[in-house]
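First the structure, which I've put down as structure tokens, then a few questions once you've had a look.
The values are calculated or read from the model by the stated rules, or taken from the named source; none is laboratory data. Bear in mind the structure is a predicted one, so any value in this text is a computation, not a measurement. Here the Cβ positions follow ideal geometry from the backbone for every residue, glycine too, while neighbour counts run over all protein chains shown. Please note that ligands, DNA and RNA were not included when accessible areas were found on the heavy atoms of the full protein model with its side chains. Shrake-Rupley method; radii C 1.70, N 1.55, O 1.52, S 1.80 Å.
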Amino acid sequence: IEQRLADAGLPDDLKYLAVAESALITRIDSHRGARGPWQFMTAAARSNGLRRDGVVDERLSFERSTDAAIQNLKRLHERFGSWALAMAAYNGGETRLSRSIRDQNTTDYYRLSLPLETERYVFRIAAIKIIMQDPERYGYFLSPGGSYDRKRFDVVKIKSAHSVPLLDLAGAIGTDFKAIKELNPQFLRDYVPRGTHTVYLPPALGIKLVNHLAAEDTRNPHVVLIASDRKEIRRH
């Protein structure tokens, strides 16, 4: 998230919005139907370029949903003119926020009467930042070895006219189904659907898949290695 925000020229502190939304838990749902680390509703997901249907839910892709959230926040900032209002719109909806601004004749987030959750939202994000920057000051002590390990993975792009079973992918590169499934929660079924998709694989196995498919006949999908041995902290 930090790298994506930097690439987009947006404030680094926006990363704490994702913590407020989901605690960075990929497979998390709200009672209203929002899903994923950035808690997109279905309509908002689709309007920000995320696929959501019976076989793929890109809200569950940490990478794709992060890109969509950044795109959305950038647009909201351009519309409302401040990051406080952009975050309020992210939480409470831009239509409701626009109506509140119009009816109350102010663009000051801190002087707007909004639903209580939205009024608290920016303060909640600020509190998360303060605690996470100095957790021990607030009584949070992480024991040695108590943090999540960095996940390492390769990134490949697969283009296929037919679906590709995840079990077949795992067998071709010498890993197991669970390893592929956990790295790709966006695939709701046990296969990569037809079309073009980005797939995450255990480290150093991307090139193995490329070589395997290159040795097969032309009916097999086309695969391109995008990156090898990326690393990040993710996926509870």
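Among the residues of segment 93-106, which ones are open to solvent by 100 Å² or more (accessible area, probe 1.4 Å) and either among the hydroxyl-bearing types (Ser, Thr, Tyr) or in a loop (DSSP other than H, G, I, E, B) (or both)?
Asn105
Suppose we filter segment 39-90 for residues that are in a loop (DSSP other than H, G, I, E, B), open to solvent by 40 Å² or more (accessible area, probe 1.4 Å) and under 20 Å from Leu10 (Cα atoms); how many remain?
Let us first name the residues in segment 39-90 that are in a loop (DSSP other than H, G, I, E, B), namely 39, 41, 48-51, 53-55, 61, 81-82.
Checking the rest, the ones that are also open to solvent by 40 Å² or more (accessible area, probe 1.4 Å) come to 41, 49, 51, 53-54, 81.
Filter again for under 20 Å from Leu10 (Cα atoms), leaving 49, 81.
So the count comes out to 2.
Quick grid of which residues meet (1) over 25 Å from Ile130 (Cα atoms); (2) hydrophobic (A, V, I, L, M, F, W, C); (3) at pLDDT below 95:
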{"residue": "Ala20", "(1), (2), (3)": "no, yes, no"}
{"residue": "Asp29", "(1), (2), (3)": "yes, no, yes"}
{"residue": "Ala43", "(1), (2), (3)": "yes, yes, yes"}
{"residue": "Ile70", "(1), (2), (3)": "no, yes, no"}
{"residue": "Phe80", "(1), (2), (3)": "yes, yes, no"}
{"residue": "Tyr90", "(1), (2), (3)": "no, no, no"}
{"residue": "Tyr109", "(1), (2), (3)": "no, no, no"}
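Cβ-Cβ below 7 Å, separation at least six or inter-chain, first residue in segment 10-35 and in a loop (DSSP other than H, G, I, E, B), second among the aromatic types (Phe, Trp, Tyr): which pairs?
From segment 10-35, the pairs are Pro11/Trp83; Thr26/Phe62; Ala34/Phe40.
Consider Leu5 carefully, then state whether it is open to solvent by less than 20 Å² (accessible area, probe 1.4 Å) and part of a helix (DSSP H, G or I).
Details: open to solvent by less than 20 Å² (accessible area, probe 1.4 Å): yes; part of a helix (DSSP H, G or I): yes.
Yes; evaluated as a whole, the condition is true for this residue.
Let me confirm something: among Gly145, Gly171, which residue is of a type outside the set (Asp, Glu), farther than 16 Å from Tyr191 by Cβ and open to solvent by 40 Å² or more (accessible area, probe 1.4 Å)?
Gly145
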